[in-house]
Every structure is written in C-alpha cells, then in structure tokens.
Amino acid sequence: MDLNADLGEGFGVYAFGEDESLLGVITSANIACGFHAGDPQVMDRTVKMAKEYGVFIGAHPGYPDR
C-alpha cells in the first residue's frame, strides 16, 4: 500500500503543513513545483528530507493562482 501526500507547499517566508512529520509515515510524496505553491528553496529542502526518510517523490505542478 502506498500512502501519499502533497508536500513542499511553502514559499518565501510562508511555511505550510507538517512536511517532516508526514515524511515519517508516508511512502511517497508529490512535491510542489512552484506557481501555486513551493519555491526552489522549499522544493530542494523537501526533496532532501524525502530522500533521508526513504520516501519516493513525484512532481506536483500547479497553476499561477496564488
């Protein structure tokens, strides 16, 4: 069974969600890829944390609708 969550949705000074806590219980994550949520620094940090926890990652693209 795969338990999946959308992560990395913070941007700039705004942090959202409990990404690191979720990484302890999920098996895969969709990492926000900008526009709607996420920025390069948040994406990089989230991918690195996912690798540390052995969580598979995928992309979560979005529209510019902040």
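Residue 41 to residue 21: FRET efficiency via 1/(1 + (r/R0)^6), r the Cβ-Cβ distance, R0 25 Å, to the nearest 0.05?
Working: r = 20 Å, r/R0 = 0.79.
Between residue 41 and residue 21 the formula returns 0.80.
What share of Cα pairs, in percent, lie more than 19 angstrom apart in the chain? Intermediate results must be reported in sequence, preceding the final value.
Values: 479 of 2145 pairs.
The calculated P(r) of the chain puts 22 percent of pairs beyond 19 Å.
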Taking the Cα atoms only, what angle lies between the long axis of helix 40-53 and the longest principal axis of the chain, rounded to 10 degrees? 0
Just by accessible area at a 1.4 angstrom probe, what is the order of 52, 9, 18 from largest to smallest? 52, 18, 9
Using R₀ = 35 Å, calculate the FRET efficiency as 1/(1 + (r/R₀)^6) where r is the Cβ-Cβ separation of residue 53 and residue 13; round to 0.05. 0.90
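So with the 1.4 Å probe, I'd like the accessible area per residue for the chain, rounded to whole Å². Each step should come with its number before you reach the end.
Working: 4460 Å² over 66 residues.
In whole numbers, the chain has 68 Å² accessible per residue.
The values are calculated or read from the model by the stated rules, or taken from the named source; none is laboratory data. From a predicted model like this one, the values you see are computed outputs, not experimental measurements. Note that we place each Cβ from the backbone using ideal geometry, even for glycine, and neighbour counts take in every protein chain shown. These accessible areas exclude ligands, DNA and RNA; they are computed on the full protein's heavy atoms, side chains included. Shrake-Rupley method; radii C 1.70, N 1.55, O 1.52, S 1.80 Å.
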